[in-house]
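Following: one structure in structure tokens, then a few remarks.
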Amino acid sequence: MGTSIFVSVFRQTLPVIAASLAVANADAQPASATGPQVMGWVPAYGIDASMKALTATPAIGQSMTRIGLQFWNPSNDGRGIVLAPVDATGKPVTAASVRQVAQWARAHNVQPLLTVYNNSQVINRWDWRWARRAFAEHPEEFTAALVAAVDKWDLDGVDLDLEGEGDFTADRAAYGAFVHQLSGALKAKGKLLTIDSFHSPCDNAPNMRWWSDWVGDVATIHSMGYEDLYEGSNATFTPEGRAVCENGATLFRYSWQLDWGTKAGYRRDQIVLGMPTWVDAWGSGGIGPNVVDHLREVRALGGGVGLWDMQLAAAGWSKPTTWEAVQALRRPASALARRPSLLDRLFHRGAAGGGAGGDTVTVTDRNAAAARFRAAPSPTR
């Protein structure tokens, strides 16, 4: 009798389960590897150096899952895209370079993405009005141009790197509508969409407060914190002329970033935490300051990593131990991944919120650091 009831209930429930799975599958990003992602970028101005680094260390190809070809700008009228300049003369990326990086990616089972960005070696700044001209004023044409280029170059999708420094909250709705439109067009062709985001919810565009707008539309979000992000961070963030962000929370910890992402509606492995490859040690506290220490922290928390950039200038990024740690991100982690609160107890005793002794990062401090970074021969993210 009990068995008959169970079978009857199962038969009635199975179609409901199947329908639910079908809906979930329809909303899922296509062609997307599961688990934490290892993303890296090849900048237009660093193609040769990036290819040298990629080919010098075989473990890199075995470790990465996606690579962004940061080779495209919006056209000046916002209706299309063009190949970006490789230097201050305006000389554009060549077709041969696009094919070279894409072929490396295919040979290593890495997904190549079209990264479109609103900066260049010519202007050396992030031009939000340029980006807005495309996504807000000509979203249909801009979408069509991106999808056509993905098809032309046989890429796996688009990585949006449209950045604005300042308060652009007024553009949030237009940006979200564009993301939804572009995602739908890419999904129809079995392609994916990723977005590069600023790493606080209180300033710049797009930022963490916008993340919830994109649930179901993006495969991953890349939080571009780089040297700011590490699990031992006690820093808070104060936008210019405004109150401290999120009541003084230590928002640059890996765990805080991932928790924000899950509350916004994402899996932890959909949040990709930016790491700087121009240095191989940063921050303090946590497991330690070295790149392998930070990779171990991210693995324990279940996130992915985004490497800016693939020129891999710091020596530590060429060491086998580093790429062993990167590869480990794709393997099941220890029980710590299921108990982030344990990490908090290990790394942050007595440091609740932004508490006493926390560092405060102001916009002035952050702009000064950015200016020092941008003083290098090439513009940065």
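The values are calculated or read from the model by the stated rules, or taken from the named source; none is laboratory data. These numbers were taken from a predicted model, which means no experiment stands behind them. Positions of Cβ are generated from backbone atoms using ideal geometry, with glycine treated the same way; all protein chains shown enter the neighbour counts. To get the accessible areas, we keep the full protein, side chains included, count just its heavy atoms, and leave off ligands, DNA and RNA. Shrake-Rupley method; radii C 1.70, N 1.55, O 1.52, S 1.80 Å.
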Check your understanding: Hey, among the residues in the stretch 87-112 that are in a loop (DSSP other than H, G, I, E, B) and not hydrophobic (A, V, I, L, M, F, W, C), which one's surrounded by the most Cβ atoms within 10 Å (Cβ to Cβ)?
Key -> His108
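Of all residues in the stretch 224-267, which are of a type in the set (Lys, Arg) and without any contact (Cβ under 8 Å) to a residue 40 or more places away in the chain? Walk me through how you get there before you give the answer.
Taking the stretch 224-267 and keeping what is of a type in the set (Lys, Arg), we get 242, 253, 263, 267.
Residues satisfying the conditions are Lys263, Arg267.
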Exercise for review: Check Ser197, Ser233, Ser212 and return the single one that is modelled with pLDDT of 95 or more, crowded, with 24+ Cβ neighbours inside 10 Å, out of contact with any Pro (no Cβ under 9 Å at 6 or more places or on another chain) and polar (S, T, N, Q).
Suggested key: Ser233
Review point. What strands (runs of 3 or more DSSP E) completely inside the stretch 267-364 contain at least 2 residues that are modelled with pLDDT under 95?
Key: 360-362
Exercise for review: Report yes if some residue within the stretch 264-276 is at positive phi and among the small types (Gly, Ala, Ser); otherwise report no.
Suggested key: yes
Review point. Pairs, please: C-beta under 6 Å, at least 6 apart or cross-chain, first residue over 21 Å from Met310 (Cα atoms) and in the stretch 279-291, second open to solvent by 40 Å² or more (accessible area, probe 1.4 Å) and not in a loop (DSSP other than H, G, I, E, B)?
Key: Gly286/Phe347; Ile287/Arg296
Review point. Here are some residues: Gly35, Gly80, Gly61. Which one is within 15 Å of Tyr117 (Cα to Cα) and in contact (Cβ under 8 Å) with a residue 12 or more places away in the chain?
Key: Gly80
**Study point:** the stretch 317-337 residues that are open to solvent by 80 Å² or more (accessible area, probe 1.4 Å), paired with ones that are modelled with pLDDT under 95 and of a type in the set (Lys, Arg) (beta carbon under 7 Å, 6 or more apart)
**Key:** none
Check your understanding: When the stretch 52-84 is examined, which residues are found to be of a type in the set (Lys, Arg) and surrounded by fewer than 22 Cβ atoms within 10 Å (Cβ to Cβ)?
Key -> Lys52, Arg79
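Kindly establish whether Arg242 is at negative phi, open to solvent by 50 Å² or more (accessible area, probe 1.4 Å) and part of a loop (DSSP other than H, G, I, E, B). Please lay out each step first, then the result.
Values: at negative phi: yes; open to solvent by 50 Å² or more (accessible area, probe 1.4 Å): yes; part of a loop (DSSP other than H, G, I, E, B): yes.
When the stated conditions are applied, Arg242 passes them.
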Exercise for review: Check whether at least one residue in the stretch 173-180 is touching a strand residue (DSSP E or B) at 6+ places or on another chain (Cβ under 8 Å), open to solvent by less than 10 Å² (accessible area, probe 1.4 Å) and touching a residue at least 24 places away in the same chain (Cβ under 8 Å), and report yes or no.
Suggested key: yes
**Study point:** Filter pass, Ser223 being within 15 Å of the chain's Cα centre (by Cα), open to solvent by less than 10 Å² (accessible area, probe 1.4 Å) and either modelled with pLDDT under 95 or of a type in the set (S, T, N, Q) (or both)
**Key:** yes
